[in-house]
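Bear in mind these aren't lab numbers, they're just calculated from the coordinates by the rules spelled out. Owing to the predicted nature of the structure, the values given are computational and were not obtained by experimental measurement.
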Amino acid sequence: MDLIFLNELRVETVIGIWDWERKIRQIVAIDLEMSADIRKAAASDSVKDTLDYKAVAKRIQAFVSGSSFQLVETLAEHIAAIVLNEFSVAWVRVRVNKPGAIRGAKDVGVLIERGTPPASA
């Protein structure tokens, strides 16, 4: 199985557990890896035969910018569910980073996998 990926999709959202975090918008960075069989698209050279990563990006951006979660864990679960259910992929890896959340660290976050993993992932 092949993987289509999207790295560092940056979106402003309300995220965090502290009172001050609930009053501001912060950047989260999202990485996605999605299983897909790209052979048909490679042969036809047509986006209709593949997973449209622009459509995925727009959907995730719209969802995340309108969300208001306390935990990156919850945000990651919702993103995974959207990708699996709305884009008909069998497996997704979602990484949600919260840059600057911990002093001295570039970023912190979670990495989850949902669905049936491809043989080569």
How large is the helix-only mean residue ellipticity at 222 nm for the chain, computed as the sum of -39500 (n - 2.57) over DSSP H runs with n ≥ 4, divided by its residue count, in deg cm²/dmol to the nearest 500?
-> -9000 deg cm²/dmol
From the cross-link list 48/106; 58/98; 23/98, the entries with a Cα-Cα span beyond 28 Å are 48/106
Can you give me the relative contact order of segment 6-67 as a percent, contacts being Cα pairs under 8 Å and 6 or more apart?
-> 38
Full extension from residue 103 to residue 42: what is 0.36 nm times the residue separation minus their Cα-Cα distance, to one decimal in nm?
-> 17.5 nm
List the residues whose amide H sits under 5 Å from the amide H of residue 70, counting only those 5 or more places along or on another chain, with H placed 1.01 Å from N in the peptide plane.
-> 16
Please tell me the relative contact order of the chain in percent, rounded to the nearest whole number, where contacts are Cα pairs under 8 Å and at least six residues apart.
-> 28
Here the equivalent ellipsoid of the chain, derived from its Cα gyration tensor, has semi-axes (largest first, whole Å) of 29, 14, 12
